[in-house]
Amino acid sequence: MDDCIIIGAGPAGLTAAIYLARFHLKIRLFDCGSSRAALIPCTRNHAGYPDGISGKDLLARMAEQAEKYGAERELAEVTALRTAETGFIARVGERDYPARAVLLATGVVNHRPEMDDALHAEALERGLLRYCPICDGYEITDKRIGVIGTGDRGTNEALFLRGYSADVTLIAPESHDLPEASATALDAAGIARIEGPCGNYAIEGDRIAVDTAEGRLSFDSIYPALGSRIRSGLAVQAGARAAEDGCLEVDDHQRTSVPGLFAAGDVAKGLDQISHAMGEAGVAATTIRNMLAEQRPLRR
């Protein structure tokens with residue numbers, strides 16, 4: 001039996017693996033290969049990398065560090081999770097894996113605009129399509145920015161990006177649904193509002209273009225503000241409480257409502273940032289270590 005199973009191998013899961021392995025615990029890390037961090041072409045706001053680092057390179061370095069200290073990483077997807085007398089049972093394929101504790105670090109999946117995978121990948125790589133203004137708003141300072149969205153989510157993202165550029169346009173995916181207060185705030189900030197539907201995305205020269213109800217428009221970067229899907233299903237399956245949006249409810253030590261089940265990173269309510277996910281993972285891992293020691297003294 002493992003002391004702890006970690007589900008998810010993004011920044012949170014890998015940080016926890018490093019901590020727990022260095023605590024001399026027997027851990028198993030399941031990596032289904034779909035960390036959102038792997039999509040980052042280059043992050044320049046992660047401390048310690050002044051010239052930036054790609055998400056894939058960062059994850060590879062973290063995985064190497066975890067494995068150096070004995071963490072077992074398996075490229076597989078956990079399909080079910082349940083509680084048991086001895087802790088938890090994680091289901092992978094046709095096998096069951098028991099563990100005394102579980103840390104869920106499965107993250108979220110962004111809702112994408114309608115475009116094929118090849119175009120989406122190229123647009124991301126070239127910085128023409130971006131998902132995190134906190135991460136990379138600096139890189140589009142004084143550029144022409146499009147935001148795909150409406151309602152509070154679209155309004156808030158457009159207003160945030162207005163702090164980087166005076167040229168921001170909010171485009172409705174279908175049609176705008178804006179409270180009067182939102183429309184007033186957008187007008188006061190000088191943010192243009194364009195009706196949808198929008199589509200037919202294409203890279204045209206150094207810009208990304210899209211059809212709208214008011215014609216074809218092109219931008220230096222487009223930010224989809226379409227929300228995301230929280231990958232909290234396994235924890236909910238095991239009995240954990242989640243908010244309406246799917247984010248798991250955790251306390252200050254990253255404990256869910258199920259004893260022994262922890263969550264860290266974007267799957268828990270918080271700031272969708274690498275550094276924040278890593279901090280939560282450090283808290284969770286230390287709490288797991290202390291909890292297991294209380295249950296049964298740790299010995300070498």
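Taking a point 7 Å out from the Cα of residue 110 in the direction of its Cβ, the residues of the range 126-155 whose backbone N falls within less than 12 Å of it are 126-137, 148. When the range 112-224 is described by a simple charge dipole with +1 on each Lys and Arg Cβ and -1 on each Asp and Glu Cβ, the residue from 146, 171, 159 located farthest towards its positive end is 159. Counting only residues at least eight positions apart within a chain, or on another chain, the lysines with an alpha carbon under 17 Å from that of residue 68 are 26.
Label separation (residue 65 vs residue 153): 3.2 nm, computed from points 7 Å beyond Cα along the C-beta direction. Where nothing but the Cβ of Lys and Arg (+1) and of Asp and Glu (-1) is charged, how large is the charge dipole of the range 1-92 around its Cα centre, in debye to the nearest 20? Using only the charged Cβ atoms, the result is roughly 160 debye.
Of interest is the spacing of the C-alpha centroids, which for the range 34-102 and the range 186-255 amounts to 24 Å. Using the Cβ-Cβ distance between residue 241 and residue 45 with R0 set to 30 Å, the FRET efficiency works out to roughly 0.40. Taking the Cα centre of the chain as origin and assigning +1 to Lys and Arg Cβ atoms and -1 to Asp and Glu Cβ atoms, the resulting dipole is close to 1420 debye. Sites listed here are GluC sites (Glu not before Pro) in the range 174-229 whose DSSP assignment is loop and whose Cβ has at most 14 other Cβ atoms within 10 Å: 174, 195, 214. For the range 195-300, dividing the convex hull volume of the Cα atoms by the residue count gives 165 Å³ per residue. Short-range pairs are left out: with C-alpha atoms under 8 Å and at least six residues apart, the relative contact order of the range 112-224 is 32 percent.
Think of it this way: in the chain, 4, 32, 42, 198, 247 stand alone, with no other Cys Cβ under 4.7 Å.
So which helices of the chain fit the span-like rule, where a helix is a whole DSSP H run, its Cα atoms reach 27 Å or more along the axis, and its mean Kyte-Doolittle is at least 0.5? Correct list, ordered by number: empty. Overall dimensions of the range 1-153, expressed as equivalent-ellipsoid semi-axes from the Cα gyration tensor (√(5λ), whole Å, largest first), are 34, 19, 13.
In the calculated pair-distance distribution of the range 112-224, the portion above 16 angstrom amounts to 54 percent of the Cα-Cα pairs. In the range 90-247, a dipole from Cβ-located charges (positive for Lys and Arg, negative for Asp and Glu) runs towards its positive end, and of 181, 221, 247 it is 247 whose Cα lies farthest in that direction.
Between amide H atoms placed 1.01 Å from N, distances below 5 Å from residue 29 occur with 6, 72, 73, 74, all of them 5 or more places distant or on a separate chain.
For the range 36-84, the ratio of Cα radius of gyration to the globular rule of thumb 2.2 N^0.38 Å stands at 1.51. Among 7, 89, a tally of other beta-carbon atoms within 10 Å of each Cβ gives an order, fewest to most, of 89, 7. Computed about its Cα centre, the charge dipole of the range 38-128 is approximately 340 debye, with only Lys, Arg, Asp and Glu carrying charge at their Cβ. DSSP beta bridges fully contained in the range 112-224 are about 45 percent antiparallel.
For residue 263, nonlocal amide neighbours, meaning residues 5 or more places apart or on other chains whose placed amide H falls under 5 Å from its own, are 104, 256.
Looking only at the chain, where both bridge partners belong to it, what percent of the DSSP beta bridges are antiparallel (to the nearest 5)? Close to 45 percent.
Note on residue 143: lysines with a C-alpha under 27 Å away, same-chain residues under 8 apart excluded, are 56. Can you tell me what percent of all Cα-Cα pairs in the chain are more than 38 Å apart? Value for the chain (Cα pairs over 38 Å): 21 percent.
Remark: relative contact order (the chain) = 20 percent; criterion is Cα-Cα distance under 8 angstrom and separation of 6 or more residues. Could you calculate the FRET efficiency of residue 75 with residue 294 from 1/(1 + (r/R0)^6), where r is the beta carbon distance between them and R0 is 35 Å, rounded to 0.05? About 0.60, to the nearest 0.05.
Of the chymotrypsin sites (Phe, Trp or Tyr not before Pro) found in the range 1-77, not one falls in a DSSP loop while having at most 12 other beta-carbon atoms within 10 Å.
Readers should treat all values here as calculations from the given coordinates under stated rules, not as data from a laboratory. All figures in this text were calculated on a predicted structure; none of them were measured in a lab. All Cβ positions, glycine included, derive from the backbone under ideal geometry; neighbour counts span all protein chains shown.
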